[in-house]
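Everything below concerns the one structure shown next.
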Amino acid sequence: MGTVWAEPYKIKMVEPIRITSVEERHAAIREAGYNTFLLRSDDVYIDLLTDSGTSAMSDRQWAGLMLGDESYAGSRSYYHLEEAMRGVYGYEELVPTHQGRGAEHLLSQILIEPGDTVPGNMYFTTTRFHQEYAGGRFADVIVDSAHDPAALDPFKGNVDLTKLQALIDEVGADRIPYLSLETNVNMAGGQPVSMANLQATYELCRQHGILVMLDATRALENAWFIKQREDGYADRSVAEILREICSYSDGATVSSKKDNLVNIGGFLALRDPELARQARALLVAFEGLHTYGGMSGRDMEALARGIEEMVETDDHIRARVGQVEYLGNKLLEAGIPIVQPIGGHGVFLDARAMLSHLPQDQFPAQALAAEIYVESGVRGMERGVVSAGRDPVTGDHHYPELELVRLTIPRRVYTQAHMDVVVEAVRQVHTNRDAVRGLRFTHEPESLRFFQARFEPIE
Ligand SMILES: Cc1ncc(COP(=O)(O)O)c(C=O)c1O
C-alpha cells in the first residue's frame with residue numbers, strides 16, 4: 001500500500017447538504033452574533049466546527065442501535081461496553097457518563113479539594129472548568145514548543161518534567177491530587193505525547209504519590225502518531241500502543257464522541273475500586289444508575305461496537321489522520337500559516353499570523369472563522385482568546401499564545417473533494433485578509449463563553 005491512504009469503507013447512505021449564497025451567509029452570521037456556534041446547521045455547507053459527536057457510524061453500529069438493551073438496571077449493552085472498554089483501554093472499572101464533561105465532573109469532585117492545584121499538558125475548556133468548579137487551580141506544564149505554532153517538534157503534547165517538578169516543589173505534592181494528561185492535545189492543535197514522556201511522567205508522579213489521569217478522548221490518534229514517529233513502534237498495532245499508553249495512568253476520562261465513533265457518550269475509567277465506588281455514588285445523583293450513566297442502552301451498544309471497531313485494524317486511523325494531513329498539506333502548499341506538525345483531528349489556522357493587523361483583544365480567530373463561513377459556507381471555530389476565557393481571580397482575559405481557527409474533520413463523513421473546497425475557501429480569505437475587521441462582545445457569558453458569546457464588527 002505504500003504511503004497512499006484510502007477510506008477502508010464504502011458509502012451506503014448519504015445526507016444531502018446545501019450550498020447557500022453569500023447574501024444568505026452574511027445574514028446568517030449577523031443573526032448568529034459572529035459566533036459560528038450560533039449558526040443553524042442548515043445554513044452550513046461543510047461543517048468543520050467539531051469532530052465531536054459528528055462521526056458517521058458503521059452499519060454494524062447502526063445495527064447495534066436496534067439491539068440495545070433498554071433495561072434500567074443491568075443492561076446487556078452496559079456489560080458489552082464494559083468488556084469493550086476493558087479489552088481496548090485495559091482499565092478495570094467503568095463509570096459510564098452522558099459525555100466527556102460528565103466524567104470530568106465526577107473525577108474533579110472525587111479528587112480535588114479547594115485550594116488544590118491540578119497540573120496538565122495545556123488546558124481544555126470543560127476540563128479546566130470542572131477543576132475550578134471543584135475549587136482547584138489549573139497549572140500548565142506542557143513543553144514550550146506547544147505554544148509555538150511553527151515549531152516542528154514531533155511531540156508537542158509532552159509534559160515538561162522540569163516545570164512539573166518545579167510545581168511540586170512550589171505547592172507540595174499533597175496539594176496536587178492528580179496530573180491531568182491529555183492525549184493528542186486538542187488546544188495545541190491535536191499534538192501527541194510520546195510514550196517515553198508518558199512513562200517518565202508517570203514515574204515522576206508515582207515517586208510523589210500523585211495520580212495520573214488521562215484525558216484519553218483522542219488516545220487512538222495519539223497512538224497513530226507514536227507508531228509513525230517514535231522509535232520501536234512502527235511494527236506495533238495501534239491497539240497495542242493504545243493499551244500501553246493507558247498503562248502509564250491510574251484512570252481516564254473519555255469523550256466517546258471522538259475516537260469512539262459515536263454521536264453521544266463517554267466514560268470515566270479507573271483502576272482503584274474505591275475511587276470507582278466514590279464516582280458511582282455521585283453518578284447516581286448527576287448522571288444515572290451505574291449501569292447506564294447518561295446513556296440509553298442503544299447508545300451503549302453503538303459505543304461498545306465503536307470502541308471495538310476503531311482498533312480492529314490500523315486502516316481506520318490511517319485514513320482518518322491521512323485525510324487531516326491531506327487538508328493540512330494543501331493549505332501549506334497554498335502558503336497558509338497553520339499549526340505544524342499537522343494534528344490528528346483537524347487543521348488549525350494561525351489567525352495571529354494571518355490577521356496580523358488585528359490586536360488579540362479584537363478576537364482575530366473569531367473574526368477569521370466568521371469570514372471563512374461568509375466566503376464559503378465552511379464552518380470552523382475559534383480556539384484563541386475567546387475560548388481561553390477570563391482569569392477567575394483578576395477578571396482579565398487569558399491571552400493564549402495560540403490564536404487559532406480550528407477546521408475539525410468529522411470521522412468518515414467528508415470526501416477529499418470537500419477538503420479541496422475548504423482549501424479554496426481559506427485561500428480566498430487569505431488573499432483578502434487585510435479587509436477582515438476585528439470584533440467586540442455584545443454578550444459575554446460568565447463561563448465557557450465561546451459557546452454562546454455574541455459579537456459585532458468594529459467599524
Ligand atoms: C480533549 C477533550 N476533553 C474533553 C472534552 C469534553 O467532552 P464532551 O464534549 O463529550 O463533554 C472534549 C470535547 O470537546 C475534548 O476535546
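Could you point to the residue in Gln323, Ile19, Val386 farthest towards the positive end of the chain's charge dipole, with +1 and -1 charges on the Cβ of Lys/Arg and Asp/Glu respectively?
Checked the options; the winner is Ile19.
What relative contact order, as a whole-number percentage, does the chain give when Cα pairs under 8 Å and 6 or more residues apart are counted? The partial results should precede the final answer.
Working: 968 pairs, mean separation 109.3, N = 459.
After rounding, I find 24 percent.
Of all the stretches in the chain, which is the longest one without any exposed loop site, taking trypsin sites (Lys or Arg not before Pro) in a DSSP loop (any state but H, G, I, E, B) with at most 12 other Cβ atoms within 10 Å?
The segment 41-459 is the longest one with no such site.
With a 1.4 Å probe and all protein chains left in place, how much of the accessible area of the chain comes from carbon and sulfur atoms, in whole percent?
Numbers: 9130 of 18450 Å².
Carbon and sulfur: 50 percent of the exposed surface of the chain.
Let me know the charge dipole size of the stretch 264-380 about its Cα centre in debye, to the nearest 20, where only the beta-carbon of Lys, Arg (+1) and Asp, Glu (-1) is charged.
Working: 10 positive and 16 negative charges, 40 e Å.
With only Lys, Arg, Asp and Glu charged at Cβ, the dipole is about 200 debye.
Could you tell me the accessible area of Asp153 in Å² (1.4 Å probe, neighbours in place), rounded to the nearest ten?
50 Å²
Using 0.36 nm times the number of residues separating Leu282 and Ala27, minus their current alpha carbon distance, what extension gain do you get? Could you put the intermediate results ahead of the total?
On the way: separation 255, 0.36 × 255 = 91.80 nm, distance 4.47 nm.
Roughly 87.3 nm would be gained on extension.
How do Leu303, Leu448 rank by accessible surface area computed with a 1.4 Å probe, from largest to smallest? List each step's numbers first, then the result.
Details: Leu303 0, Leu448 50 Å².
These residues rank, largest area first, as Leu448, Leu303.
What is the local net charge at Lys257, summed over the other residues whose Cβ is closer than 12 Å to its Cβ (Lys, Arg +1; Asp, Glu -1)? Show your work: numbers first, answer last.
Details: positive: Arg101, Arg218, Lys258, Arg411; negative: Asp51, Asp259, Asp299.
Local net charge: +1.
Over the chain, with the other protein chains present, what is the accessible area per residue in square angstrom, probe 1.4 angstrom?
Numbers: 18450 Å² over 459 residues.
About 40 Å² of surface per residue is accessible.
Within the chain, what is the number of lysine pairs with alpha carbons under 29 Å apart, leaving out pairs fewer than eight places apart on the same chain?
Lysine pairs meeting both conditions in the chain amount to 17.
If you place +1 on the Cβ of every Lys and Arg, -1 on the Cβ of every Asp and Glu, and leave all else neutral, what size is the dipole of the chain about its Cα centre, to the nearest 20 Debye?
On the way: 44 positive and 67 negative charges, 144 e Å.
The dipole magnitude comes to about 700 debye.
Under a 5 Å amide H to amide H cut-off, with H placed in plane at 1.01 Å, what residues pair with Phe138 once short-range neighbours are removed?
Val118
Residues of the stretch 42-79 with backbone nitrogen within less than 11 Å of a virtual label 7 Å along the Cα-to-Cβ line of Leu289, please, listed as ranges.
It comes to 70-76, nothing else.
For the full complex of protein chains and a 1.4 angstrom probe, list Trp62, Trp224, Trp5 by accessible area with the highest value first. Could you put the intermediate results ahead of the total?
Numbers: Trp62 140, Trp224 20, Trp5 50 Å².
Reading off the accessible areas and sorting them downward yields Trp62, Trp5, Trp224.
Run a plain Debye calculation on the chain (Cα atoms as equal point scatterers, no solvent) and give log10 I(q)/I(0) at q = 0.07, 0.08, 0.13 Å⁻¹, rounded to two decimals, same order as the q list.
Ignoring solvent entirely, the Cα scatterers give -0.33, -0.44, -1.24.
Can you send over the solvent-accessible area of Ser376, 1.4 Å probe, protein chains only, in Å² to the nearest 10?
Estimated to the nearest 10 Å², Ser376 gives 20 Å².
Quote to one decimal, in nm, the extra length available between Asp420 and Asp42 on full extension: 0.36 nm per residue of separation minus the C-alpha distance between them. Walk me through the numbers before you get to the answer.
Numbers: separation 378, 0.36 × 378 = 136.08 nm, distance 2.11 nm.
Stretched out fully, the Asp420 to Asp42 stretch lengthens by 134.0 nm.
Pop out the Kirkwood hydrodynamic radius of the stretch 115-164 from its pairwise C-alpha distances, inverse of mean 1/r, in Å to one decimal.
This gives a value of 11.6 Å.
Separation between the Arg86 and Arg271 pseudo-spin-labels, each 7 Å from Cα along Cα→Cβ, expressed in nm?
1.7 nm
Using the Karplus curve 6.51 cos²θ - 1.76 cosθ + 1.60 with θ = phi - 60°, what ³J(HN,Hα) values do you get for each residue of the stretch 410-422, in whole Hz, with x for Gly and Pro?
For the stretch 410-422, the Karplus-derived couplings read x, 7, 6, 10, 9, 9, 4, 5, 4, 5, 5, 5, 4 Hz, x marking Gly and Pro.
The values are calculated or read from the model by the stated rules, or taken from the named source; none is laboratory data. The structure presented is a predicted model; accordingly, all values stated were derived computationally and were not measured. Positions of Cβ are backbone-derived with ideal geometry, glycine not excepted, and every protein chain shown enters the neighbour counts. The area values use the complete protein model at the heavy-atom level, side chains included, leaving out ligands, DNA and RNA. Shrake-Rupley method; radii C 1.70, N 1.55, O 1.52, S 1.80 Å.
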